[in-house]
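Data block below; observations after.
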Amino acid sequence: MTLTTQHASAADLKRIASNYTTATQVIDKRIIICAGTGCVANGSLALRDALQRALKKANLSVTLTIKHEKHEPTDVHLSKSGCQGFCQMGPLVHIEPAGISYVKVRPDDADDIIEHTIRNGHIVKRLLYTKANGATCVGPAEIPFYNQQTRVVLANCMIEPSSIAEYIARDGYRGAEHAFAQLTPEAVCAVVSDAGLRGRGGGGFPTGKKWELTLANAADKEYVICNGDEGDPGAFMDRSVMEGNPHAVIEGMMIAARAIEADEGYVYVRAEYPLAVERMSHAVSAAEAEGILGDNCFGSGRGFTLHVMEGAGAFVCGEETALIASIEGKRGMPRPKPPFPAESGLWGKPTLINNVETLASIPTIIRNGADAYKALGTTSSPGTKTFALTGHVGNTGLIEVPFGTTLRTIVDDIGGGVRDNDGHTTNGTFKAVQIGGPSGGCLTPAMLDTPLDFDNLRTLGAMVGSGGLVVMNQQTCMVQIAKFFMEFTQVESCGKCVPCREGTKQMLALLTDICEGRATVETLNLLEKTAQVVQLSSLCGLGKTAPNPVLSTLRHFREEYEVHVVDRLCPAGQCSALAMPEIDPELCTGCTLCARKCPTDCISGERKEPHVIDTDNCIRCGACADACRKNAVSGF
């Protein structure tokens, strides 16, 4: 709708919400199709088209967009949503008011859904989620992946991302209106400080304190920046929030702007996130059209202008000073601090930078109060945290849990248990979780019952980071994991400082030597010393945290490193240069040539029967492989 005034007011928000609610009351059913990046890549938009065709064939009226100026009765509202979380089971379809959730839905299933569920109220059982015991789950309340979560930031990811009216109908922009119309900047900062919100970008710095420091450096111009440059391997939390709940990010930025008296802001999004860029841009335009963003926010006399900017694809631009340089049109490289951005940031002006999840948490705090927010989480880490759960686990996807939730709850209850490399559930084979991506560390079986929060993880030598959780089973080589993350950070180093530029290169070379059988015990000592130097002397957070996966795996899995360098073996069998030698029984003809050539007599077997290598006594000379005419011997 188009407002008759130049700016939105509390009455306007109430009217938009009322009109939207009235319009939905004359709609019989709603089909919500997940349109997060994962499900879109898996064909959810083709599914949406198929459902639309099936509705038309069934002579059912359908609306794709709620036109809240009209209140015409409609059979079905066919809408999209952001990421519904259960990415592994996509495309996902949720049906209201029945509360039915279908998984792995294909366009060919559209006719059955419309005929059986929409027309006749029956359930298409084959499309329900099935638990390991064979029981089917009708809706999220019955699915373990969902019913163990507490969704706050992700709660609105079920709404139509392009509908500002639906966001407003769910109390959207009430917090921003309250902040602009009724609170002073100091009061806004005080509420956020009292709530105990800590930055969700990884460091966990108290958000309210950061705001207060920026407000204290008042100037003729201040800026707010949303850091959406999420680049950790295996992390997609911020992307999903921007795609599914963009107005919460905008509202959080508006409240932050009020807190530091800024009148301009930037949403900095990775160029690799085109859907997030599109939906954030649409949301900004919608907020401007409704008079929410503009020169006179909620009649306060203060304006706020918001820009959406695509990043250049550099991981280092997640560091705040490098991000600022990128916005200014310079190469994204960090600079020494102080001065901090709160003092001298974008174009030399005081600048507040928070990540997507931090800002999306703000509206709930202002709307419901600090005490309600502190009711979740722990004393030192209030609220909830989103995690991207991936790796060797039964259920992968986007989750949100209160701080203080144990790793065991996440892996076993929400994740459905650890799986082997073939995808079979293998409870008891959990080896580690890499938390926090290239900046984080490993958590071991001994830590499964530790409540996860900022302080506990720091004590364990790990960190929350952006929120990536990669679960690993016993078939995982921890040296390879450290090498994988070091390859990433070495490539992503901007090269400005010598410790990071050269140190990550040397650590990668040492890890490569370990994986390829060229290392000694001294290599391990040199690797550890190099990692400590890089950690202490690098300029920015990328370099300072790049050694974390190396130091963490050395601390918890040093014996595995030692087996690599002393015994020249990879216990997990993942380093091809150190693979356990073996004879393929399918290829072995029992000719005995290998046994006759073996200098340690570690090959046994009857003539014309498959032979076996005693790996404990094998000296890996390769004589057997050279002698075999059938290429049945491997591992050399």
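The values are calculated or read from the model by the stated rules, or taken from the named source; none is laboratory data. Quantities reported herein were computed from a predicted structural model and do not represent experimental measurements. Neighbour counts run over all protein chains shown; Cβ positions are idealised from the backbone, glycine included.
Things to note:
- Picking from residues in the range 86-132 that are more than 29 Å from the chain's Cα centre (by Cα) and among the polar types (S, T, N, Q), the one that is modelled with the lowest pLDDT is Asn120.
- Considering Asn354, Asn395, the condition of being closer than 26 Å to Leu215 by Cβ and either crowded, with 24+ Cβ neighbours inside 10 Å or not assigned by TED's automatic domain parsing to the domain that holds Thr130 (or both) is satisfied by Asn354 alone.
- In the range 133-154, residue modelled with the lowest pLDDT [restricted to those that are small (Gly, Ala, Ser) and surrounded by fewer than 15 Cβ atoms within 10 Å (Cβ to Cβ)]: Gly134
- Screening Lys67, Lys57, Lys29, Lys131 for residues that are closer than 25 Å to Gln149 by Cβ and of a type in the set (Lys, Arg) leaves exactly one candidate, Lys131.
Per-residue answers, yes or no, for (1) assigned to a helix (DSSP H, G or I); (2) aliphatic (A, V, I, L, M); (3) in contact (Cβ under 8 Å) with a residue 24 or more places away in the chain:
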site	(1), (2), (3)
Lys210	yes, no, yes
Cys226	no, no, yes
Asp232	no, no, yes
Glu243	yes, no, yes
His247	yes, no, yes
Gly252	yes, no, yes
Arg258	yes, no, yes
Tyr266	no, no, yes
Ala271	no, yes, yes
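- Residue within the range 590-600 that is surrounded by fewer than 18 Cβ atoms within 10 Å (Cβ to Cβ), over 30 Å from Phe484 (Cβ atoms) and either acidic (Asp, Glu) or touching a residue at least 40 places away in the same chain (Cβ under 8 Å) (or both) present: no
For (1) closer than 26 Å to Cys570 by Cβ; (2) in a strand (DSSP E or B); (3) at pLDDT 95 or above; (4) of a type outside the set (Val, Ile, Thr), each residue gets a yes or a no:
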{"position": "Glu400", "(1), (2), (3), (4)": "no, yes, yes, yes"}
{"position": "Asp422", "(1), (2), (3), (4)": "yes, no, no, yes"}
{"position": "Asn427", "(1), (2), (3), (4)": "yes, no, no, yes"}
{"position": "Gln434", "(1), (2), (3), (4)": "yes, yes, no, yes"}
{"position": "Ala462", "(1), (2), (3), (4)": "yes, no, no, yes"}
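- Tally of residues being part of a loop (DSSP other than H, G, I, E, B) and within 21 Å of Gly244 (Cβ to Cβ) across the range 44-67: 3
- Residue match in the range 429-437 (condition: of a type in the set (D, E, K, R) and more than 25 Å from Gly90 (Cα to Cα)): yes
- For Ala579, the criteria (1) touching a helix residue (DSSP H, G or I) at 6+ places or on another chain (Cβ under 7 Å); (2) at pLDDT below 90; (3) surrounded by fewer than 20 Cβ atoms within 10 Å (Cβ to Cβ) hold in every case but one, which is (1).
- Selection within the range 601-626: residues that are among the aliphatic types (A, V, I, L, M) and touching a strand residue (DSSP E or B) at 6+ places or on another chain (Cβ under 8 Å). The member of this set that is surrounded by the most Cβ atoms within 10 Å (Cβ to Cβ) is Ile603.
- Residues in the range 276-303 that are of a type in the set (A, V, I, L, M, F, W, C), within 29 Å of the chain's Cα centre (by Cα) and crowded, with 21+ Cβ neighbours inside 10 Å: Ala276, Val277, Met280, Ala283, Val284, Ala287, Leu293.
- Residues in the range 1-51 that are touching a helix residue (DSSP H, G or I) at 6+ places or on another chain (Cβ under 8 Å), under 19 Å from Ser300 (Cβ atoms) and exposed (fewer than 15 other Cβ atoms within 10 Å of the Cβ): Thr5 alone.
- Index of the failed condition, Ala322 passing every other in (1) modelled with pLDDT of 95 or more; (2) under 24 Å from the mean Cα position of the chain (by Cα); (3) among the aliphatic types (A, V, I, L, M): (1)
- Residues in the range 20-43 that are polar (S, T, N, Q), over 18 Å from Val76 (Cα atoms) and assigned to a helix (DSSP H, G or I): Thr37 alone.
- Scanning the range 297-327 for residues that are assigned to a loop (DSSP other than H, G, I, E, B), touching a residue at least 60 places away in the same chain (Cβ under 8 Å) and closer than 28 Å to Glu160 by Cβ turns up just one, Gly311.
- Test: Thr530 is touching a residue at least 40 places away in the same chain (Cβ under 8 Å) and either in contact with a Gly (Cβ under 7 Å, 6 or more places away or on another chain) or outside any loop (DSSP other than H, G, I, E, B) (or both): no
The rows are residues; the columns are (1) more than 14 Å from Lys385 (Cβ to Cβ); (2) within 21 Å of the chain's Cα centre (by Cα).
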site: Asp453; (1), (2): no, yes
site: Leu460; (1), (2): yes, no
site: Val470; (1), (2): yes, yes
site: Cys477; (1), (2): yes, no
site: Gln480; (1), (2): yes, no
site: Met486; (1), (2): yes, yes
site: Thr489; (1), (2): yes, yes
site: Cys494; (1), (2): yes, no
site: Glu502; (1), (2): yes, no
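Every residue, every condition in (1) of a type in the set (A, V, I, L, M, F, W, C); (2) assigned to a helix (DSSP H, G or I); (3) surrounded by fewer than 17 Cβ atoms within 10 Å (Cβ to Cβ), yes or no:
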position: Thr512; (1), (2), (3): no, yes, yes
position: Leu542; (1), (2), (3): yes, yes, no
position: Leu554; (1), (2), (3): yes, yes, no
position: Pro571; (1), (2), (3): no, no, no
position: Leu587; (1), (2), (3): yes, no, yes
